[in-house]
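Report on one structure; see the data block that follows.
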Ligand code: ADP
């Protein structure tokens, strides 16, 4: 049956690297359809947490449950097929391929049979939908290498969506973006969260104030505070961590 709590449930998570506790007892529940922001100073454990969810890092102890199934011990590609997708800080875009071909390739990665099952070469529904969502239809046939920084970030999000994930994990999607691009990305995330669950690592406070509802603050491998964006920002513990840097 459906899990009683969230789509993603993490309990008593520990990740120890050579005696160093990168994640030190994290509990996290993210409900279906949530747009959750994850913040925290450098070294707080944000990337490690995402690495554990996606199978890149094996936890020392604790549980990670997605849609009622344990993710611990599964391989990265299995977790992708279960419906968990992530972006990386390094680009995964093929510059010589067109925008459309990049999305098509990503869709094929989740399910290699998609390509074989197609009667004739054509754009599948999920690829067309992903292209429309990111608003790059006009650039569909252009090589990805010509895209601006912002457009490339949207392409990566489109590539992720085309894989049909239930849960998307985005690492600093507005880093290096112009004001207009940030705004467009905020709208895009809001739109995506209508039919997906999204976890975003983001530092930009202005962006959080505008687009975040629930924020989880990590600090030294533990959840420091969690809640409404305004309450989190006003929390003395959060101010201390950020001002004390
Ligand atoms: P954040 O993403 O919040 O900046 P990270 O999850 O990258 O934090 O890192 C948390 C801590 O764990 C840091 O002190 C980092 O140096 C350490 N760490 C991360 N990965 C490894 C690793 N593979 N081996 C040893 N230490 C690591």
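Each reported figure results from applying straightforward, stated rules to the coordinates on display, with no laboratory input. Nothing here was measured: the structure is a model prediction, and the numbers come from that model. Glycine also receives a Cβ, built like all others from the backbone with ideal geometry; neighbour counts cover every protein chain displayed.
In terms of overall dimensions, the C-alpha atoms belonging to region 128-175 reach 29, 26, 14 Å along their principal axes, ordered largest to smallest.
Extension gain, residue 149-residue 21: 0.36 nm per intervening residue step, less the Cα-Cα distance, totals 42.6 nm.
Expressed to the nearest 5 percent, the antiparallel share of DSSP beta bridges inside the chain is 60 percent. Between residue 96 and residue 75, the FRET efficiency estimated from the beta carbon spacing at R0 = 45 angstrom works out to 0.95. Our compactness index for region 1-113, the C-alpha radius of gyration over the empirical 2.2 N^0.38 Å, is 1.19.
In a solvent-free Debye calculation with one equal scatterer on each Cα, what is log10 I(q)/I(0) for region 151-245 at q = 0.18, 0.23 Å⁻¹, listed in the order of the q values? Listed by q, the Debye log ratios stand at -0.89, -1.25.
In degrees, nearest 10, range 0 to 90: what is the angle between the Cα axis of helix 179-192 and the longest Cα principal axis of the chain? Helix 179-192 and the main axis of the chain meet at about 90 degrees.
With contacts taken as Cα pairs under 8 Å and at least 6 residues apart, region 1-66 reaches a relative contact order of 43 percent.
Helix 149-161 and the longest principal axis of the Cα set of the chain meet at an angle near 90°.
Quick one: pull the percentage of alpha-carbon pairs in the chain with a separation above 25 Å. Mind showing how you got there, number by number?
On the way: 12986 of 29890 pairs.
Of the Cα pairs, 43 percent sit more than 25 Å apart.
For the chain, relative contact order (Cα pairs under 8 Å, six or more residues apart, normalised by length) works out to 26 percent. Report summary: the helix-based calculation at 222 nm, which adds -39500 (n - 2.57) for every DSSP H run with n ≥ 4 and divides by the residues of the chain, gives -10500 deg cm²/dmol.
With a cut-off of 17 Å, note down the residues of region 35-75 whose backbone N falls inside the zone around a label point 7 Å from the Cα of residue 11 toward its beta carbon. Counting backbone N atoms under 17 Å from the label point, the list is 59-73.
How big is the Rg/Rh ratio for region 17-62, C-alpha atoms only, Rh by Kirkwood, two decimals?
0.96
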